[in-house]
Amino acid sequence: MAPTSQQRKPIDNWNGVEILPGESKDVDLAISESYSGMTLRIPIHVRRGEEDGPVVFVSAALHGDEINGTGAVRSLLMSADFKVVRGSVILVPVLNMLGFDRHSRYLPDRRDLNRCFPGSTTGSLAGRLANVIFEEIVLRSDFGIDLHTAAVRRTNYPNIRGDMSNPSVKRIAEAFGCELIVDGKGPQRALRPEATKAGCATIIMEGGEVWKVEPSIVESSVRGIRNVLRALNMIEGEIEAPDYQVVIQSSKWVRAESGGFLQFHVQPGNVIEKGQALATNNDLLGHELDVLTAPYDAVVIGMTTLPAVSPGEPVCHLGKLPKGVNPSSLRRQRRKEDGLETQLVNELGSNLLVVERDESQPTTVSLRSDVEDARQHFN
């Protein structure tokens, strides 16, 4: 059951630090203790408008190695024109400080913090951290934006993930302004479904790789955060909409059927057609083993960045286009050759050796019929 307004923690008082309307302050949130007994804290910036309004948290590095979002939050913090006129924004550059300090996705005990919400005051280290984050950040907020990247050795084209059956989630997911929205509730005990159940409508943005702050991903993230705040009438300015927006209901990983060295034919963000070649698998002397092809019209949500594969390893994460959506029509709609979306495709593709498939060569297709549904892995 969603908490009542009486259960919400006030935005104007953070353990004795008072933040009045129109003020901005840094606060430290105590989350745990070190082996030496020293208090461990995460830095938070709270920015309040002069007028009452929604409270929105923007967080990054819930997985400690996913720092594109950290770069985006820092960009907002250092922007001279980022002025909140209504409501309040809670900016958290790093949620998982213990993982961040070790350049690791996980906590020191190998637990995934994003599978431990809403947490517990008496449970594991991860559960206790999750409880503090939930109580002190989520339960002060009406909306949440959590910034992620792909897992290690993978990259993602920017996409929003949220439960589109929830009107408040749908509102901010569409406003964010990514071309792709992946519809789903999310896994049990992850931050976004648990926050949404608690009355804080939350989405995540996935984009780029671990261990990097990629300029185009940061730009896409900052644009989206500003768009959401504009849609909620919290900051001034016009919403910057993409050339198109599609909601993905189904997605799958296409996996390697044999070991070998891949030659990629697509990039993250490409809109592709059924039967289109995704990657050719060769042996180390260049002899073709098989060709992976698209099982349906789709958009490339994510890809491996490691061309050497074993059987069963994921190669391309494809989002199935909704019925009636024509791939060539979408490609034409991305009309701005110098726009951010085209820039994103080109920059993310620069991490891969992408070559055009020579269609004069015979095609040997080898695809698993039981390609894993990737929805269960969504953050």
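Calculate the spin-label point distance for E337 paired with S258, positioning each point 7 Å from the Cα along the beta-carbon direction, and give it in nanometres. Calculated label separation equals 4.0 nm. For the chain, the residue among S104, V132, L147 whose Cα projects farthest onto the positive side of the dipole built from Cβ charges is V132.
Between 0 and 90 degrees, the angle of helix 215-231 with respect to the longest Cα principal axis of the chain falls at about 50 degrees. The GNM of the chain, with springs linking C-alpha atoms under 10 angstrom apart, assigns the highest mean-square fluctuation among L20, L191, L147 to L20.
Hey, what do the phi angles of region 97-113 turn into as Karplus ³J(HN,Hα) couplings, whole Hz, using 6.51/-1.76/1.60 and θ = phi - 60°, x for Gly and Pro? The phi angles translate into 5, 5, x, 4, 5, 9, 6, 10, 5, 9, 7, x, 8, 6, 7, 8, 4 Hz. Across the chain, how large is the tail of the calculated P(r) beyond 38 Å, expressed as a percent of all Cα pairs? Of all Cα-Cα pairs in the chain, 20 percent lie more than 38 Å apart.
Structure remark: mean-square fluctuation, Gaussian network model of the chain, C-alpha springs under 10 Å; the largest value among Q333, Q249, Q343 belongs to Q333. Listed by chain and number, the lysines placed with their C-alpha closer than 24 angstrom to that of K197 are K9, K170, K185; residues fewer than eight positions away on the same chain are left out.
So for region 5-231, averaging the separation of alpha carbon pairs under 8 Å that are six or more residues apart and normalising by length, what relative contact order in percent results? So the answer I get is 21 percent. Magnitude of the charge dipole for the chain, about its Cα centre and with charges confined to Cβ atoms of Lys, Arg (+1) and Asp, Glu (-1), is about 800 debye. Toward the positive end of the charge dipole of the chain, with +1 on the Cβ of Lys and Arg and -1 on the Cβ of Asp and Glu, the farthest Cα among P43, A308, L352 is that of P43. Estimated from helices alone, the mean residue ellipticity of the chain at 222 nm is -6000 deg cm²/dmol (sum of -39500 (n - 2.57) over DSSP H runs with n ≥ 4, per residue). Arranged from fewest to most other beta-carbon atoms within 10 Å of their beta carbon, H265, H287 become H287, H265. When the alpha-carbon atoms of region 5-231 are used, the pair Rg, Dmax equals 16.2, 47 angstrom.
Remark on M164: its backbone amide H falls under 5 Å from those of G184, a criterion applied only to residues 5 or more positions apart or on other chains, H modelled at 1.01 Å from N. If only the Cβ of Lys and Arg carry +1 and only the Cβ of Asp and Glu carry -1, the dipole of region 5-231 around its Cα centre is close to 420 debye.
Computed from the coordinates by the stated procedures, all read-outs in this text should not be read as laboratory data. The model shown is predicted, which means the values in this text are computed figures rather than measured ones. As a convention, Cβ positions derive from the backbone with ideal geometry for all residues, glycine included, and neighbour counts pool all protein chains shown.
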